[in-house]
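Working notes, structure below.
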Amino acid sequence: MPQQSGQVASMTDWLTAIGLSRLEPVLRDNGIAEDVLTSLTESDLEKLGVSMGDRKRFMRAVGELLARGAPLDGAGTSGALGAHGPLGPLGPSEAPPLHTELRQLTIMFCDLVDATALCARLTPEQWRQVVLAYQQAAVEVISRCGGSVAQYLGDGLLVYFGYPQAQEDAAPRAVHAGLDLVSKIASLELLIDGREQVRLQVRIGIDTGRVVIGDIGAGPRREQLALGDTPNIAARLQALARANTVLISDQTRRLTGGSFTYEDQGVHALKGVTEPRQVWRVTGLSDSASRFDASSGEHLSPLVGRVQELSLLTDRWQAVLQGQGQVVVLSGEPGIGKSRMLKELGDRLGNAGLHALQLQCAPHKTDSAFHPFVDALERLLRFKPDTPAVVKLDRIDALIRPGTEQARQQAALLAALLSVPSDGRHNLPITSAHQREQDIVEVLLGWLEGRATAEPALLLFEDAHWADPASVAALNKLVERVRHLPVLLVVTHRPEFTPAFDRQAHVTALKVPGLRRAEVAALVSRLMGDKPLPQALADQIENRTDGVPLFVEELTKSVLEQAGHASALQADGSLPATLRDSLMARLDRHAQAKEVAQIGAVIGRAFSRDLLAALFPQDAQQLEEGVEALLRSGLATRQESEQGEVYVFKHALVQDTAYDSLLKTRREALHSTVLQVLESRYPETVRHEPALLARHAVAAGRHRMAIPYWKKASEQALNRLALHEAVAHLQAGLHATQALPLDPDRDQIELQLHASLGTVHMLGKGWAAPEVEQAYKRANELASAADKIDEAIWPLWGVCVYHQVRGEIRQAQAIGRRMATVAMQSNSRLAWLVNNMMQSQLMFYSGQLPQVAALCEQVEHGFHDPHDRGLIALYSTDLKLVSMVHGLHAQWIMGQVDDVDAVYGLIEQRAIELNHPYSLAWARTWGVMVYLHAGELDRLLPRLQAGWHMADEHGFAYVSAMARFAMGWCRTQLAQMDGQLEDGIALMTQGLEAFQATGAGIVLPFFLAQMAEVLGQVGRHDEALACLDQAWVQTERGGERWHEAELHRIRGHLLQHAPQPDMAQATACYQQAIEVAQQQGAVVWLQRAQQALNSLP
């Protein structure tokens, strides 16, 4: 079939030719091939997550192809988009959309009350006058508070706070604006046609939440709008509000903290909103003196560390008490704990701290002259919105005491500063604006000096980075005056502020560092109270917060809030809403750096220059500028590594914020490109860091590709015996399988992952742990459903060994018969090898001792060494080693071993050569039990100690418990000379409890028999007999018989030597032991029983 004009011959070649080969995985994953490539629109590419730069390059190349009307084979494709291709001309209506992203916004809906009735009684022209006046007044308030009107909806307004520039106090700004709007609109005096007066009222709803914001609309009309629940909730709250009220959601209420006063409006079902919502009415401003007081309220966070900083502050206070004025400048990033230290300082200084004057700067008041001074004076003078002007003037006079003309002028200046009408009481001097500002500074400084003359004073100037220019000028002069006053002035600021006075002799500059790891842990512990926190979760909080107390507090609170809705503590990795605005504001302040930060965030906490360049859509110059902007911002640092230049985010939460702002499609496309670049350029990374590639594949939505990497990562972790890590990787692989279509391939992948998971759980939790059964049971189900004989032996072995170790020998034998059937049907050497190894154990534990040797011999002949040593990864231990150990046990019990040291020496040598810690630990614990049977402590103890140490070192719970029990038994034997048996019995008890805690029931009758024998030695006959009763119940229930003869013999011994001997019963027990031993061919047990019988009088 001839190729159509304008169709690409090879997508791979064409994309490579135009420098966009990184897009191929994204296109192919979405079913895009050569036949539809040229029909893609720019909108399609944006939906796929393609960056703006790459979209333009792609469309330009497609345009030239369409303009030429010829097939494109990858040769020379550049030029402008053709004007008459099927996409049509690129006109204004198809201008590229602005960047679309996810972010947290605070959204306000404001609506006129009874607007419909008012509109009905006015002419359209009159109504327009009213609406315009209302909108102009509203925009003035909204702009002053940092909001932006997204839409004019007739008499309604849709307003965003935190966009396009994020604001760390977006929610408080919105509520401030709401309250001011109510006041402003209610005070409007509108005359219609110079006659009719109209009074307006508004109702306002505010909510905060995550939205997608970007270009919305079609054709020539486009708008930047936010989509999500947040605008809907704000609109419903506005509809619920009464006239001249502001209603906010619970989310906004949490973010505004103690900045305002509220009235609980209860829980309401809002139309179109799935869950009922708690609603609050804002009634006014609170009396909080500082942002810290407003945010912390009654719930003050614990103070951890800061010993040196507080010591310095108190030292400077001592100097003040001696008449030496001091200034301390505390600098540090947001959340580092500057305000918390000031709170602690105030508490330590007693009355001086209680009466400290707080000058609090505010981010939305950076253009309001003298704002921190105005705010402090209004609080000091107890000004309220409804305080009459005459009362305000009286209070100003009381403060200044205007007995002279100069004092009256000062009162007039303060009244003007505080926007209080003088009503002719004081005449304001006529001066220039500059002189007026200087006069106000002198009045303010004079007032502060007056406070300090009465007694030493603490003065706090907080958040100087938000100070307006007039306040900064006043602060500079204040610092100079403090030198001669009994005042401790503490100034706090963030790194972007540079004080002009930090080099003066009485000024101490202190940069506040982050908390150390131990301090972070202490803070988390105190925040959690009596609620335990898993160590992994505590580590995660420490790693993500980088020692910033605010981050620690908010992440820990987030965990606690989740605990209120779930049975187990966990962290979902999401950013707390309380941090989103602050962190996003840092990114928005550095627009040039933002895209670099977003792309870098996809790569990881650290990202190389080379990898960044592969993903950056613009040219090298723009990348360089973006990187430099990112470094200048302090959000990331530059480091040198073996891979070249590497950039590291200063805080993990900054990385999280940048990452979360990307749309899912864009994130997936970037992860896909990262994956492609790693595979093609970094073979060492592919080889040694498969988990990294797996994570990128999952994040790219390429789950099938992720699974082999997860499996490889688990194998590497297992080789290092990092068992928790291996489990995590396998569980991640299983989670990825859920995204695959239901088909035999998925079942096969899931089977292997479940079986591998069972193997890892055997090592870490013990062979009889419930997690082992769950994993192998599912693997066995999948193998049975697939009807693949070759695949069945591994999961069958897992289920069989699980029941065996639980002491359920009969059930294990039933599964063992299925294993034998599978081995016969498959006629596979491997299947026969696994079957024979398993059957040798089943024969041993069921007491069929003579059958063991032949099976062990078959394992020996069928085992291909060293090739089959690789099966350790599947079966937890070496198959040949397992066979050798059980063969030794069976032969020794049957009296067929002449030289135990020689036979065991071969076992130990093999275990050492395997270089597999679990195999060696097991060989030195269960493998050496023949020495325990023989009572050869000199050979048993050193090996047992080595096995126990190795088991504890690597977390082998099952082996460690066996070793502990056996070590306790050894101590009882060694302690017989000095009578100190109880310590050994206690250790045996601990080992027995730990062993049973793993779910194990196998060899439990043997352990209980040893315990009974020792208890009998110390005269605790009743306890000893109870142990034997328990052992017999387990034997009868599970079918473990290899040690049965010894149970009868030991019972006979206890009855023979009891305080009231029962010789008849003892004789019967010895005879029963002889009979069982003869049936099993257990020569050693037989000899012991006969000797015991002969000892009877």
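Brief remarks follow.
- Filtering 1000, 966 for residues that are closer than 21 Å to residue 886 by Cα, at pLDDT below 95 and in contact with a Phe, Trp or Tyr (Cβ under 9 Å, 6 or more places away or on another chain) leaves a single hit, 1000.
- Among residues of the range 364-382 that are of a type in the set (Gly, Ala, Ser), those with a Cβ under 9 angstrom from a residue that is surrounded by fewer than 16 Cβ atoms within 10 Å (Cβ to Cβ), sequence gap 6+ or separate chain, pair up as 369/469.
- When the range 304-346 is filtered for residues that are in a strand (DSSP E or B) and either among the hydrophobic types (A, V, I, L, M, F, W, C) or not assigned by TED's automatic domain parsing to the domain that holds residue 465 (or both), the ones remaining, listed by number, are 327, 328, 329, 330.
- Cβ separations smaller than 6 Å between residues 6+ apart or across chains give the following pairs from the range 208-229 residues that are modelled with pLDDT of 90 or more and outside any strand (DSSP E or B) to residues that are among the β-branched types (Val, Ile, Thr) and crowded, with 17+ Cβ neighbours inside 10 Å: 228/211.
- Checking the range 149-159 against the condition returns no match, with no residue being in a strand (DSSP E or B), free of Cβ contacts under 8 Å to residues at least 12 places away in the same chain, among the polar types (S, T, N, Q) and more than 23 Å from residue 587 (Cα to Cα).
- Flag if residue 200 is farther than 17 Å from residue 167 by Cβ and not in a loop (DSSP other than H, G, I, E, B): no
- The set of residues from the range 439-464 being surrounded by fewer than 17 Cβ atoms within 10 Å (Cβ to Cβ) and under 24 Å from residue 343 (Cβ atoms) comprises 451, 454, 455.
- Pair list, Cβ under 8 Å, 6 or more apart: the range 1059-1080 residue farther than 24 Å from residue 843 by Cα, other residue small (Gly, Ala, Ser) and buried (at least 22 other Cβ atoms within 10 Å of the Cβ): 1065/1052; 1066/1052; 1067/1052; 1068/1052; 1069/1052; 1070/1052; 1070/1089
- Yes/no for residue 986 being part of a helix (DSSP H, G or I) and not acidic (Asp, Glu): yes
- Residue match in the range 1036-1043 (condition: crowded, with 21+ Cβ neighbours inside 10 Å, at pLDDT 95 or above and in a helix (DSSP H, G or I)): no
- Qualifying residue in the range 535-551 (condition: more than 36 Å from the chain's Cα centre (by Cα) and either among the β-branched types (Val, Ile, Thr) or crowded, with 17+ Cβ neighbours inside 10 Å (or both)): no
- Annotation: of all residues in the range 212-228 being more than 27 Å from residue 119 (Cβ to Cβ) and in contact with an Asp or Glu (Cβ under 8 Å, 6 or more places away or on another chain), the one that is surrounded by the most Cβ atoms within 10 Å (Cβ to Cβ) is 213.
- The set of residues in the range 417-430 being in contact with a helix residue (DSSP H, G or I) (Cβ under 8 Å, 6 or more places away or on another chain) and either of a type in the set (S, T, N, Q) or farther than 16 Å from residue 448 by Cα (or both) consists of 418, 420, 421, 422, 423, 425, 426, 427, 428, 429.
- Restricting the range 760-779 to residues that are aliphatic (A, V, I, L, M), within 29 Å of the chain's Cα centre (by Cα) and within 16 Å of residue 1001 (Cα to Cα), the residue that is surrounded by the fewest Cβ atoms within 10 Å (Cβ to Cβ) is 769.
- Every pair of residues 6+ apart whose Cβ atoms lie under 6 Å, when the first sits in the range 234-258 and is in the same structural domain as residue 156 (by TED's automatic domain parsing) while the second is assigned to a strand (DSSP E or B) and of a type in the set (Ser, Thr, Tyr): 251/208; 252/208; 255/208
- 1 or more residues over 41 Å from the mean Cα position of the chain (by Cα): qualifying helices (runs of 4 or more DSSP H) within the range 887-953: 900-914, 929-934
- Restricting the range 869-901 to residues that are in the same structural domain as residue 840 (by TED's automatic domain parsing) and in contact with a Lys or Arg (Cβ under 8 Å, 6 or more places away or on another chain) leaves a set whose member that is farthest from residue 798 (Cα to Cα) is 884.
- Which numbered condition residue 568 fails, given (1) touching a strand residue (DSSP E or B) at 6+ places or on another chain (Cβ under 7 Å); (2) of a type in the set (A, V, I, L, M); (3) modelled with pLDDT under 85: (1)
- You will find that of 20, 66, 72, the residue that is modelled with pLDDT of 75 or more and surrounded by 14 or more Cβ atoms within 10 Å (Cβ to Cβ) is 20 and no other.
- Residue match in the range 90-99 (condition: surrounded by 17 or more Cβ atoms within 10 Å (Cβ to Cβ) and within 30 Å of residue 362 (Cβ to Cβ)): yes
A quick yes/no check of all residues on (1) aromatic (Phe, Trp, Tyr); (2) under 29 Å from residue 724 (Cβ atoms); (3) at pLDDT 90 or above; (4) surrounded by 21 or more Cβ atoms within 10 Å (Cβ to Cβ):
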{"residue": "623", "(1), (2), (3), (4)": "no, no, no, no"}
{"residue": "645", "(1), (2), (3), (4)": "no, no, no, no"}
{"residue": "652", "(1), (2), (3), (4)": "no, yes, no, no"}
{"residue": "666", "(1), (2), (3), (4)": "no, no, no, yes"}
{"residue": "676", "(1), (2), (3), (4)": "no, no, yes, no"}
{"residue": "692", "(1), (2), (3), (4)": "no, yes, yes, no"}
{"residue": "698", "(1), (2), (3), (4)": "no, yes, yes, yes"}
{"residue": "710", "(1), (2), (3), (4)": "yes, yes, yes, yes"}
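- Contact map, the range 1028-1053: residues that are without any contact (Cβ under 8 Å) to a residue 60 or more places away in the chain paired with residues that are hydroxyl-bearing (Ser, Thr, Tyr), Cβ distance under 7 Å, separation 6+ or inter-chain. Pairs shown: 1047/1035; 1049/1070; 1052/1070.
- Pair list, Cβ under 6 Å, 6 or more apart: the range 414-431 residue in a loop (DSSP other than H, G, I, E, B), other residue of a type outside the set (A, V, I, L, M): 420/392; 426/408; 429/409
- Within the range 773-820, restricting attention to residues that are in contact (Cβ under 8 Å) with a residue 60 or more places away in the chain and part of a loop (DSSP other than H, G, I, E, B), the residue that is farthest from residue 995 (Cα to Cα) is 808.
- Residue match in the range 326-345 (condition: among the aliphatic types (A, V, I, L, M) and more than 30 Å from residue 169 (Cα to Cα)): no
- For first residues located in the range 740-765 and farther than 13 Å from residue 786 by Cα and part of a helix (DSSP H, G or I), partners that are of a type in the set (Asp, Glu) and modelled with pLDDT of 85 or more and lie 6+ apart or on another chain with Cβ distances below 7 Å form the pairs 761/771; 765/771.
- Candidates 166, 186, 170: the one that is closer than 27 Å to residue 286 by Cβ and either surrounded by fewer than 18 Cβ atoms within 10 Å (Cβ to Cβ) or out of contact with any helix residue (DSSP H, G or I) (no Cβ under 7 Å at 6 or more places or on another chain) (or both) is 186.
The values are calculated or read from the model by the stated rules, or taken from the named source; none is laboratory data. Source: prediction; values computed, not measured. When we count neighbours, we look across all protein chains shown, and the Cβ atoms used for this are built from the backbone with ideal geometry, even at glycine.
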